[in-house]
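Below you'll find the structure, written out as structure tokens, and then a few comments.
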Amino acid sequence: MFGRQKVAALVAEFVGTATLVSVVLATIYGRTGFPLFIAMAAGLTIGLMMLVLGPISGAHINPVVTVALWTTRKIQTMQAIVYVGAQMLGAVAAWQLAEFLLNRPLQNTAGDSLNWRVLIAEAIGAFVFATALSAAISRAYTGVKLAIAAGLGFTLGMLIASLASNGLINPALALGMQSWSWAYLLGPLAGAVIGMNLYGLVFEPIDNPKSKTVKAAASVASKKIKTTANKTKKRVTKSAAKRKK
């Protein structure tokens, strides 16, 4: 059912998410919890994971990225389901590791009631991140360029969201940090889905690298067909001329 490549992709999502949660937890509980430092640490982690794990799984390490890509039909349903499962398990693993190392339970910082300001802030932050990521994907960025776009997009999204929330824009990160609530689930999910789909519908360049590649391939194929047709036509003409003689 699962080949080596698929297992590697799931392990990459697990490890990537666990690393992101651990870095943010370390930044907060290591007494450097200024929002800018947290966002920068998270952004650097996203960029590094994109470089290290991107070729293996795409380095989503965020359920809303996976769901948003699924809504744009860039990944299949089963792949999206197992990716989200691996991401949430990675977050739980980081949460348990942090409690063991700190020797105390993490306190829930999300509150009990649904806070609409938090939800909207998380949605806007996720929208900014998803738009930046979608722009990088549509332009076929790879390697360092993709890592920079994803890392900076996440950093800016977290900073914007931190105006009214804990600035997480990632449900797996919210779970791992014990900042779990409907606002931290629905806000980022809505923002990422809207951002990625809106960019694809409105802003994505018509002549992006992928479409140019497709057009070039189609042009080559068309030339080959025409050449073959011309050769066939010449052969038929020569054959008909010989018969008349």
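The values are calculated or read from the model by the stated rules, or taken from the named source; none is laboratory data. All values reported here derive from a predicted model rather than from experimental measurement. No Cβ is skipped: glycine too gets one built from the backbone with ideal geometry, and neighbour counts run over all protein chains shown.
Observations, loosely collected:
- All positions within the stretch 106-134 that are aliphatic (A, V, I, L, M) and either surrounded by fewer than 16 Cβ atoms within 10 Å (Cβ to Cβ) or farther than 15 Å from H60 by Cα (or both): L106, A110, L114, V118, L119, I120, A121, A123, I124, V128
- Verdict on K234 being basic (K, R), exposed (fewer than 11 other Cβ atoms within 10 Å of the Cβ), at pLDDT 60 or above and part of a helix (DSSP H, G or I): yes
- Within the stretch 94-140, tally of residues that are assigned to a helix (DSSP H, G or I), touching a residue at least 40 places away in the same chain (Cβ under 8 Å) and within 16 Å of N170 (Cα to Cα): 17
- Within the stretch 57-94, the set of residues being under 14 Å from the mean Cα position of the chain (by Cα), of a type in the set (G, A, S) and closer than 12 Å to G176 by Cα is empty.
- Restricting the stretch 6-22 to residues that are buried (at least 19 other Cβ atoms within 10 Å of the Cβ) and among the small types (G, A, S), the residue that is farthest from I56 (Cα to Cα): S22
- Pair list, Cβ under 6 Å, 6 or more apart: the stretch 63-90 residue within 20 Å of V7 (Cβ to Cβ) and not assigned by TED's automatic domain parsing to the domain that holds A192, other residue assigned to a helix (DSSP H, G or I) and modelled with pLDDT under 95: none
- Qualifying residue in the stretch 50-71 (condition: assigned to a loop (DSSP other than H, G, I, E, B) and at negative phi): yes
- Breaking point among (1) in contact with a helix residue (DSSP H, G or I) (Cβ under 7 Å, 6 or more places away or on another chain); (2) farther than 18 Å from I28 by Cβ, for W182: (1)
- Residues in the stretch 150-174 that are over 16 Å from the mean Cα position of the chain (by Cα), assigned to a helix (DSSP H, G or I) and surrounded by fewer than 24 Cβ atoms within 10 Å (Cβ to Cβ): 2 in all.
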